[in-house]
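Asker: My structure is below; once you've seen it, I'll send some questions.
The values are calculated or read from the model by the stated rules, or taken from the named source; none is laboratory data. As the structure is a computational prediction, the values presented were derived from the model and not from experiment. No Cβ is skipped: glycine too gets one built from the backbone with ideal geometry, and neighbour counts run over all protein chains shown. What goes into the accessible areas is simple: the full protein's heavy atoms, side chains included, and nothing from ligands, DNA or RNA. Shrake-Rupley method; radii C 1.70, N 1.55, O 1.52, S 1.80 Å.
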Amino acid sequence: MGYHETYSPNGWKWLGFVSAVWVQAISGNNYTFSNYSDAIKTLMNLTQLELNNLSVAKDIGKAFGLLAGLASDRLPTPVILLIGAIEGLIGYGVQWLVVGQKIQPLPYWQMCIFLCMGGNSTTWMNTAVLVTCIRNFRRNRGPVSGILKGYVGLSTAIFTDICSALFSDNPAKFLIMLSVIPFAVCLTAVFFLRETPLSVSVAAEKEEARYFAIFNVIAVVVAFYLLAYDFIGSTNQVFSLVFVIILLVLLASPLAAPVYSFYKSRRLVRFEPDVERREPLLEQEANATAEAAERNEVINDEPPVAVDEAVVVEKSRPVIGEDHTIFEALRTWDFWLLFLSFLCGVGTGLAVMNNMAQIGLALGHADISIFVSLISIWGFFGRITSGSVSEYFLK
């Protein structure tokens, strides 16, 4: 039996969740268009309408997220992550080549394709992370989705503030961050993010609740830390470097959960007497044998049923909270309610974020990064609150 199985499966589950948090913390690059849109507009000599159409091409990439959803039932999580990582590396990498003037500006239709690829890359990352983590933590779907989607909201502020601190909002360096950092993080998550056996004990459920409370606190601390930097601003290079180091430490701090879980498991394995470990197994074996004997008695007492009189029970449809295929979901009112809500609601926020650079410049603000970061942070509070509140009312 390997180390993965001998010691804490819970530890590996929490390590997978931490890697999922890191993936989400870098997968909100779809909301950062305003940070480099003005550079694309200037280099390619675009009108505002043409620039808006470029942002639409980026958002259309998210519409093809249906492909990632269909693939999640057929491909393992590491493969889905790799697809998103490679697609983002190419999509944002080509945009960096253009904005950094490493190559001549591409034809307009080609830029649309690469922006679409960049937008679609995040759907593969989000799908891999959300599907796997919700399957690993079925009893805490609300906190899981709230924390993960909250970090997606924070990722725009994380990228924006790091670029502001280290590179003075240089759009070319911002794009190289969007292409390289998600690729590196996804390559790391490939080794840790996978489905694990479901914990069904009451103790495990209480442990999950405690850990998720800690994850929520860490996320809120990161949000307030970014908010403070937005208002204080960068005073000098040393201050900016210290800000980035502390931010990276905060983002790494969730590692304490799997480390503690591994430590606790190893301590139990090392010090628990052999007899105490064997007795519950023997008792379970005896109970299982007795239950099997009772079932055999019941079966033997029942009269035989003719084949032509056998009743074929039709498989019932899954209820809310159980796994649905795409076709089962399409037959539910809940799916269409969510679909219409997203169709009518999400687009308004994207329209504002895509045009934030032009809105800020029109109002006389030369640096609009603070507005992009603030929208990201307030979006985080909405996401993480909705996850916890929904779980509270469901329970």
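Asker: Filter the chymotrypsin sites (Phe, Trp or Tyr not before Pro) in the range 184-244 to those in DSSP coil with at most 14 other Cβ atoms within 10 Å of their Cβ, and list the result.
Answerer: Details: sites: F191, F192, Y211, F212, F215, F224, Y225, Y229, F231, F239, F243; in loops: F191, F192.
Answer by residue number: F191.
Asker: Can you tell me the length gained on complete extension of the stretch A252 to V56, counting 0.36 nm per residue apart and subtracting the Cα distance?
Answerer: Values: separation 196, 0.36 × 196 = 70.56 nm, distance 3.43 nm.
Length gained, A252 through V56: 67.1 nm.
Asker: Could I ask something else about it? Leaving out ligands and nucleic acids, note down the accessible area per residue over the range 29-72 with a 1.4 angstrom probe, in whole Å². Working shown, then result.
Answerer: Numbers: 1820 Å² over 44 residues.
Ligands and nucleic acids excluded, the figure is 41 Å² per residue.
Asker: How far, in nm, would the chain grow between D38 and L337 when pulled straight, counting 0.36 nm per residue and subtracting the alpha carbon separation?
Answerer: Values: separation 299, 0.36 × 299 = 107.64 nm, distance 3.64 nm.
This chain segment gains 104.0 nm when fully extended.
Asker: Given 0.36 nm per residue, what is the gain on full extension from I232 to D73 after removing their alpha carbon distance, in nm? Write out the running numbers ahead of the final one.
Answerer: Values: separation 159, 0.36 × 159 = 57.24 nm, distance 4.62 nm.
Value of the extension gain: 52.6 nm.
Asker: Starting from the range 312-392, pick out the GluC sites (Glu not before Pro) whose DSSP state is loop and whose Cβ has at most 16 other Cβ atoms within 10 Å.
Answerer: Of the GluC sites (Glu not before Pro), the ones in loops of the range 312-392 whose Cβ has at most 16 other Cβ atoms within 10 Å are E314, E322.
Asker: Which of the three applies to the range 45-99, rounded, prolate or oblate, going by the alpha-carbon gyration tensor with a ≥ b ≥ c and a/c under 1.5 meaning rounded? Show your work: numbers first, answer last.
Answerer: On the way: a/c = 6.96, a/b = 1.85, b/c = 3.76.
Judged from the Cα gyration tensor, the range 45-99 comes out oblate (a/c at least 1.5, b/c at or above a/b).
Asker: Can you pull the Kirkwood radius for the range 13-115, inverse mean 1/r over Cα pairs, to one decimal in Å? Show your work: numbers first, answer last.
Answerer: Details: mean 1/r = 0.0654 Å⁻¹.
Averaging 1/r across every pair of different Cα atoms and inverting gives 15.3 Å.
Asker: Follow-up question, since we're still on this one. How many percent of the accessible area of the range 74-230 is carbon or sulfur, using a 1.4 Å probe? All intermediate terms of the calculation are to be shown ahead of the outcome.
Answerer: On the way: 4250 of 6030 Å².
Ligands and nucleic acids excluded, carbon and sulfur reach 71 percent.
Asker: Tell me the per residue accessible area of the range 333-379 using a 1.4 Å probe; a whole number in Å² is fine.
Answerer: Result: 63 Å² per residue.
Asker: Now a separate question. Taking the alpha-carbon centroid of each part, what is the distance from the range 168-187 to the range 111-132 in angstrom?
Answerer: One Cα centre to the other: 15 Å.
Asker: Distance cut-off 30 Å, Cα to Cα: go down the list K62/K264; K62/K102; K58/K173; K62/K173 and report the pairs above it.
Answerer: Numbers: K62/K264 41 Å; K62/K102 27 Å; K58/K173 19 Å; K62/K173 24 Å.
Going by Cα-Cα distance, K62/K264 fall outside the 30 Å limit.
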